[in-house]
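The values are calculated or read from the model by the stated rules, or taken from the named source; none is laboratory data. Owing to the predicted nature of the structure, the values given are computational and were not obtained by experimental measurement. Ideal geometry is used to build each Cβ from the backbone, glycine not excepted, and the neighbour counts take in all protein chains shown. Just so you know, the surface numbers come from the protein's heavy atoms only, side chains and all, with ligands and any DNA or RNA stripped out. Shrake-Rupley method; radii C 1.70, N 1.55, O 1.52, S 1.80 Å.
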Amino acid sequence: MGISEDQLRDAQQTLEAVRSEIHKAVVGQDVVVDQTIAALLAAGHVLLEGVPGLGKTLLVKALARTFDGSFARIQFTPDLMPADVVGHTLFEASGPVFTHLLLADEINRAPAKTQSALLEVMQEGQVTLEGTSMLVPKPFMVLATQNPIEQEGTYPLPEAQLDRFLLKISIDYPDAGQEQQLTRHVTDGRVGAELSVDEVSILIDPQRVLSLQQTAAELIVEDRVLEYAVAIVRATRQHPGIAIGAGPRGSIALIRAGRAHALIGGREFVTPDDIKAIALPALRHRIRTTAEAEIEGLSPDALLLSVLDQAAAPRS
């Protein structure tokens, strides 16, 4: 297994161009942008979490704008029905899930039955209507958003659905310099207060995305790096502040996302630093903290950082 230098160079140039185009609309948030691109490369779904106004929806729209494939958006509400997600009839693949990129906005505002309709598509890449299965296009990626603060009138995602997201990406406030840049960008010569994706150019088509996904899948993962990833996940099951640790899907997520992170960095092999860099978004939604840890104000991220500090990384 492995890829040629030409493949690696070509992939890195393409991904750098995609990143640059996204940043025409999204100010700052470099890590968040890279993590989202990594999920696409790893053929995974992402849950974007952050308070309103930090650009979750804008990021998804900018990514979709670089992509010459289909894009659909579902605004999740308490009255949203499963048929509004997957479609109504057997004879026509009419639901919004029949797309390449799907923005599930405020996913936790829809009831469990509607969330489960999306779960099948995320898990199996198909929709079942009246006993007949229909495949969604490839590539297929769900980018869901939720607000971590506003809980009234929401339906927390079940464990099974959370586990189907490759990454849970947290979007935080920009730093002072980025906020100044953002404010200038929005207010200079513009009417209204919304950022636009009009300047973002199309760079890749569905076939190119599938090719990049295959390239990422062929990156070298040495045994010692795989063992390191598994050791991190197993350590979450023994940490005193973690009530429920990550399962084997956590190890798989670390390797898949680690390969994507390495490809973005222009490497043909995965390093322990790739695993570390992707560990928080790959695992933060797969663990549950103890009541004592919550009382002490320890977040899942803080506990995972403690696990990473204790896990011995392999030396080159």
Below 13 angstrom from the Cβ of SER70, what's the summed charge of the other residues (Lys, Arg +1; Asp, Glu -1)? +1
log10 of Debye I(q)/I(0), alpha-carbon scatterers only, for the range 66-158 at 0.16 Å⁻¹: -0.62
What does the charge dipole of the range 247-292 about its Cα centre add up to, to the nearest 20 debye, if the Cβ of each Lys and Arg holds +1 and the Cβ of each Asp and Glu holds -1? 200
Roughly how many Å² is the accessible area per residue of the chain, as a whole number, for a 1.4 Å probe? 48
Evaluated over the range 231-316, the Cα radius of gyration and Dmax, each in Å: 13.2, 43
Farthest toward the dipole's positive end in the range 122-263, which of VAL127, GLY241, SER196, given Cβ charges of +1 (Lys, Arg) and -1 (Asp, Glu) about the Cα centre? GLY241
Dividing the helical contributions, -39500 (n - 2.57) per DSSP H run of n ≥ 4, by the residues of the chain yields a 222 nm value, nearest 500 deg cm²/dmol, of -14000 deg cm²/dmol
Ranked by accessible surface with a 1.4 Å probe, highest first, in what order do TYR173, TYR228, TYR155 come? TYR173, TYR155, TYR228
Going by accessible area, probe 1.4 Å, with all protein chains left in place, what is the ranking of GLU179, GLU130, largest first? GLU130, GLU179
Just going by the charge dipole of the range 1-116, with Lys and Arg at +1 and Asp and Glu at -1 on Cβ, which of ASN108, VAL60, SER94 is farthest out on the positive end? ASN108
Protection proxy (average C-beta count within 10 Å per residue), highest first, orders 277-286, 208-217, 160-169, 295-304 as 277-286, 160-169, 208-217, 295-304
With +1 assigned to the C-beta of every Lys and Arg and -1 to the C-beta of every Asp and Glu, and no other charges, what is the dipole magnitude of the range 27-78 about the Cα centre in debye, to the nearest 20? 220
How long are the three semi-axes of the equivalent ellipsoid for the range 158-316, computed from the Cα gyration tensor as the root of 5 times each eigenvalue, in whole Å, largest first? 32, 24, 15
Segments 70-80, 41-51 sorted - mean Cβ within 10 Å per residue, highest first: 41-51, 70-80
Pairs of alpha-carbon atoms within less than 8 angstrom and 6+ residues apart define the contacts here; what relative contact order does the range 196-309 have, in percent? 28
Suppose every K and R has +1 on its Cβ and every D and E has -1 on its Cβ; what is the size of the dipole of the range 214-268 about the Cα centre, in Debye to the nearest 20? 240
Would you list the P(r) distribution for the chain, with all Cα-Cα distances sorted into 20 Å bins from 0 and each bin expressed as a whole %? 31, 60, 9
What's the whole-number percent of alpha carbon pairs in the range 1-88 lying beyond 17 angstrom? 59
Compare VAL186, VAL32, VAL136 in a GNM of the chain, Cα atoms joined below 10 Å, and give the one with the largest fluctuation. VAL186
